1. Looking at region 145-228, which chymotrypsin sites (Phe, Trp or Tyr not before Pro) are DSSP coil and have at most 12 other C-beta atoms within 10 Å of their C-beta?
2. Taking the number of other C-beta atoms within 10 Å as the exposure measure, put Ser99, Ser245, Ser22 in order starting with the fewest.
3. How long is the gain from Met168 to Met102 if the chain were fully straight, where each residue apart is worth 0.36 nm and the alpha carbon distance is subtracted?
Amino acid sequence: MSSVPSNPELQARLLRLATWASLATALVLIAAKLGGWWLTDAVSLLASLLDSSADLVASLLTFLAVRWSLVPPDHDHRFGHGKAEALAALAQSMFILGSAVMLALQGFDRLIHPQPLKQSDIGLAVMVFSIVLTLALVTFQYSVAQRTGSTVIRADALHYVTDLLSGMAVIAALLLSQWGFLRADAIIGLLIAAYVARSAIQIARDGLDQLMDRELPAAIGEQVRALVLGVPGVRGIASLRTRQSGSIYFFEVYVVLDDAIPLKAAHDIGDEVRAAIQDAFPGADIVIHEEPASALGPNAPSAAQ
């Protein structure tokens, strides 16, 4: 479970820094791989170049989406702009899937018409540099995603994880081609294309989950239930609904209270419930409804439920 910082300014700063780092890394990788492919004519290196090109588009979308999602709620968007992240994730998945198809076509052609690679030592140097730079970026992005709970940063990091795997595969292809296995370049390019396509589908699913307001993982729901039932005066929970928008969790809880509790006391209990959830999930948007037990009839839950 992600640990979201309680300081909104820190969260925004981390998100913006992550997007700038992603854009800069994508530009450097594209320049390095373009030069390497031009000199080697390796389809596996072309595969990695296409992947990095898709990453640049995805990183630009992430850059724009994060800034949009950080815009505070306004009159027309009372729940904020967090779903901009999910929309960007869907767009990212389409670009990545397109690059996988292009790569697969190139790989099939080279599989049928294998060609020796040129200056593979230069290709190896390019890929080692790419792996080191990408590893540094992914480590930073995952740290930011864990601290902010950002779906789009996590999706962007996944793109660069594919770059890492792609880089290792390209190195293997270049070495095998040096040893006479000419089709190894095409075969590894096809394997990378399949993995990239699979990653694109996963990113699309994550984006759709947010857009369709899918419930948060069951473990989070159980944690919230335990926190609510631990507040003195709460007899039970009539309803609990959860969702995520961008890096923000949304909780809507209907707590069951005794009928005889004064309105002020019921309000105070609701505040305690909200505070308990807020402590566990800083930055969450929480709505508490107080329900009298009699309104639920004989099915009213007890505190043990």
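1. Passing sites in region 145-228 are Trp179.
2. Ser245, Ser99, Ser22
3. Once the chain is fully extended between Met168 and Met102, it gains 21.7 nm.
FYI, it's all coordinate maths here, none of it is from the lab. Quantities reported herein were computed from a predicted structural model and do not represent experimental measurements. Here the Cβ is made from the backbone with ideal geometry for all residues, glycine too, and neighbour counts use every protein chain on show.
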